[in-house]
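Taken together, the values in this text are just the output of simple stated rules run on the coordinates, not laboratory data. These figures come from a predicted structure and were not determined experimentally. Reconstructed Cβ throughout: ideal geometry from the backbone, glycine too, with neighbour counts over all protein chains shown.
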Amino acid sequence: MLAIETRNLRKVFGNFHALKGVNIEVPEGKCYGLLGPNGAGKSTTIKIILGLLTPTEGEARVFGYKAGSFKARQKIGYLPERIGFHDHIKVIDFLRYIGILSNMQSSELDERAEELLEWVGLGGWGESPIGNLSAGMKQRLGLAQAVMGDPKLVILDEPTSNLDPIGRSEILERIRDITREGRTVFMSSHVLPEIEVVSDYVGIIHRGEMIKQGKLKDIKREAIERGRHNYELIVDRPEAIMHELQKAPYISNVARSDESILIQASDEDKLGRNLPKLLLDAKVRLIKFAPLGESLQDVFLQIMGEMQNVEKG
């Protein structure tokens, strides 16, 4: 069964088309990572799945139930990108309240709350007001509340924000725990290495369209086969060298992705010989030049570069 299914999902705000026929399939019991640059439509998609927004066209379903229906919402636990708390409430009381909203038996509340506080690394903090927690500790509490009601589907929007490297690693392990228990995770993050660590499936959305979706290992293999001559170039002033790269006869395609310049070489030897002079003539400082590899970060950069080239052509 599919935990999440969207069909021809469209959302229009005035004259802005936020989603343009997005189709998503999230298998039950897997972790699905939703990727895309800022403004691609990730948050809009999540809000429609949660029932917080109504699509202009198309539909979204959660375990077969219409998104936003009572049956669908019963299945979901949610950690938003920016979670707000009432600082005066005790940590344990907050989790009890979430349990009550989730229709848990009163006899289960304390045991479940204490168990989850230990699970997220907040053991011993139950009687503390939430206002005494650091930003990273509040993020841990947010994950605990997302699973307090024993949901079948856990939706996480930037789940490791505000955490230090050790905290990030611990929360990623907790996300693995969730899928090991047979739950489904639908996760959005700007930190692609984290998506790569926990996800079985990924979807890449760009300007409101789903441009790639499937098993992570299959998407990586396809991108590697296509991208044998692709390179990532990072300089301090990319705009100063873009025009010269676009004119070079030994470069077939050039695209920008945030701070990176993505280069597809038609002649790798000439690129290697001529790039130092191009950098000197443009008076830019080289930060990184390397072939795109097998990481999800590299695959994402390659696909974004390909999309930009299609749009130009």
- Which of the pairs Lys42/Lys215; Lys47/Lys212; Lys138/Lys215 have their Cα atoms more than 28 Å apart in this structure? Lys138/Lys215
- Which of the lysines could a cross-linker span from Lys288 if the Cα-Cα distance has to be under 25 Å and same-chain partners fewer than 8 positions apart are dropped? Lys220, Lys247, Lys270, Lys277
- So, relative contact order of the chain in percent, Cα under 8 Å, 6 or more apart, is 18 percent
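Name the GluC sites (Glu not before Pro) in the stretch 232-277 that are in a loop by DSSP and that have at most 15 other C-beta atoms within 10 Å, would you?
Working: sites: Glu232, Glu239, Glu244, Glu259, Glu268; in loops: Glu259.
Counting only loop positions with at most 15 other Cβ atoms within 10 Å, the GluC sites (Glu not before Pro) in the stretch 232-277 are Glu259.
Is there a quick way to get the dipole size of the chain? I mean about its Cα centre, with the Cβ of Lys and Arg at +1 and of Asp and Glu at -1; what is the value in debye to the nearest 20?
It comes to approximately 940 debye.
Considering only DSSP beta bridges with both partners in the stretch 2-215, what is the antiparallel share in %, to the nearest 5?
Values: 23 of 40 bridges.
In the stretch 2-215, DSSP labels about 60 percent of beta bridges as antiparallel.
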- Selection from Ala146, Cys31, Tyr97 lying farthest towards where the dipole of the stretch 2-215 points positive, charges on Cβ: Cys31
- Where in the chain lies the longest segment free of trypsin sites (Lys or Arg not before Pro) that are both loop residues by DSSP (not H, G, I, E, B) and have at most 12 other Cβ atoms within 10 Å? 83-227
- Long-range amide H partners of Ile4 with built H, under 5 Å: Val26, Phe63
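Can you compute the charge dipole magnitude of the stretch 159-304 about its Cα centre, using +1 on each Lys and Arg Cβ and -1 on each Asp and Glu Cβ, nothing else charged? Give it in debye, rounded to the nearest 20.
On the way: 22 positive and 24 negative charges, 53 e Å.
Computed charge dipole of the stretch 159-304: roughly 260 debye.
Taking 35 Å as R0, compute the FRET efficiency from the Cβ-Cβ separation of Tyr97 and Ile287 and round it to 0.05. Could the numbers behind the result be given before it?
On the way: r = 48 Å, r/R0 = 1.38.
Efficiency at R0 = 35 Å is approximately 0.10.
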- Is the shape of the stretch 84-124 rounded, prolate or oblate, going by the alpha carbon gyration tensor and its root eigenvalues a ≥ b ≥ c, with a/c under 1.5 for rounded and a/b larger than b/c for prolate? oblate
- Item | In degrees, nearest ten, helix 91-101 long axis to first principal axis of the chain (Cα) | 80 degrees
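Decide, for the stretch 18-101, between rounded, prolate and oblate: order the square roots of the alpha carbon gyration tensor eigenvalues as a ≥ b ≥ c, take rounded if a/c falls under 1.5, and otherwise choose prolate if a/b is larger than b/c, else oblate. If you can, show how the numbers build up before the last one.
On the way: a/c = 2.09, a/b = 1.60, b/c = 1.31.
It is prolate, given that a/c is not under 1.5 and a/b is the larger ratio.
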